[in-house]
Amino acid sequence: MQPEKPRRSNRERSDTTRAAILDAARELFIAKGYADTATPDIVAAAGLTRGALYHHFEDKKALFRAVVEQEAGQVAAAIELSDTRQGAPRDALLAGASAYFDAMAMPGRVRLLLLDGPAVLGVAEIAAIDAAHGGRTLQEGLAAAMPPGRIDEKGLAATAVLLSAAFDRAALEIEAGAARAPYLHAIGRLIDGLIDR
């Protein structure tokens, strides 16, 4: 006789259900795009009911937002892992850029975060998601690398936004088949120009 498996708590079952919905939705959003993905397809792929989906998510857009937040969190975590805090601030910025390109190489991530995300959720909501998932890290890295007093807080924030846009554009080009090395080199030159003492 086999020993009984311990019963899972309601919270564990709920977390498992939510994860299954997110995983199925992610795959379908990547394969078909947001507009062509229907909630019945998502629940069928997850092996669940529509009631389970709507218990966890208000609607398809809320589910998509959760998928995007999960992806953004994974990118931020990858960048954080690259930050050893032992090198010069410039080196940390370059390591973060390289980690960003590595993280964005995950199949479907460019589509979710850089193409469909802004189209479905809007630029302001994507910016809020980015800010909630490590967006200040780049600004803090720039501040650490620049000479004191070189730029005010608003200028620093604007510079970080523009540099982040350069990272995103590079990720789009790399996803489309461009070699990564020239973009990493170009990002390094941009950083050097910004922090030049």
Q.
I want the local charge near residue 129. Using Cβ-Cβ distances under 11 Å, sum +1 for each Lys or Arg and -1 for each Asp or Glu among the other residues.
A. -3
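List every DSSP H helix in the chain whose Cα atoms extend 15 Å or more along the helix's own long axis and whose mean Kyte-Doolittle hydropathy is at least -1.0. Walk me through the numbers on the way to the answer.
Details: long enough: 10-32 (32 Å, -0.57); 60-82 (34 Å, 0.32); 89-104 (22 Å, 0.36); 135-145 (17 Å, 0.00); 153-175 (33 Å, 0.65); 180-195 (23 Å, 0.57).
Span-like helices, by this rule, are 10-32, 60-82, 89-104, 135-145, 153-175, 180-195.
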Q: Could you rank the peptides 13-20, 67-74 by their average count of other C-beta atoms within 10 Å per residue, with the highest value first?
A: 67-74, 13-20
**Q.** trypsin sites (Lys or Arg not before Pro) restricted to the range 39-134 and DSSP loop, no more than 14 other C-beta within 10 Å
**A.** 85
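Over the chain, what percent of the accessible surface lies on carbon and sulfur atoms, probe 1.4 Å?
C and S atoms contribute 56 percent here.
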Q. To the nearest 0.05, how large is the calculated FRET efficiency for residue 169 and residue 62 if R₀ is 30 Å and r is the Cβ-Cβ distance?
A. 0.55
Q) Full extension from residue 32 to residue 162: what is 0.36 nm times the residue separation minus their Cα-Cα distance, to one decimal in nm? A) 43.8 nm
(Q) Just to confirm, what accessible area per residue do you get for the range 101-197 at 1.4 Å probe, in whole Å²? (A) 54 Å²
Q | Cα shape, the range 88-157, gyration tensor, a/c 1.5 rule | A | oblate
Q: Please work out the ratio of the alpha-carbon Rg of the chain to 2.2 N^0.38 Å and round it to two decimals.
A: 1.22
Q | Label-to-label distance, nm, for residues given as residue 80 and residue 49 (7 Å Cα→Cβ offset) | A | 3.7 nm
(Q) Contact order normalised by length for the chain, with contacts defined as Cα pairs under 8 Å and 6 or more residues apart; what percent is it? (A) 20 percent
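The values are calculated or read from the model by the stated rules, or taken from the named source; none is laboratory data. Given the structure is predicted, the values throughout are model-derived calculations rather than measurements. Backbone-built Cβ (ideal geometry, glycine too); neighbour counts: all protein chains shown. Accessible surface areas use protein heavy atoms only, side chains included; no ligands, DNA or RNA. Shrake-Rupley method; radii C 1.70, N 1.55, O 1.52, S 1.80 Å.
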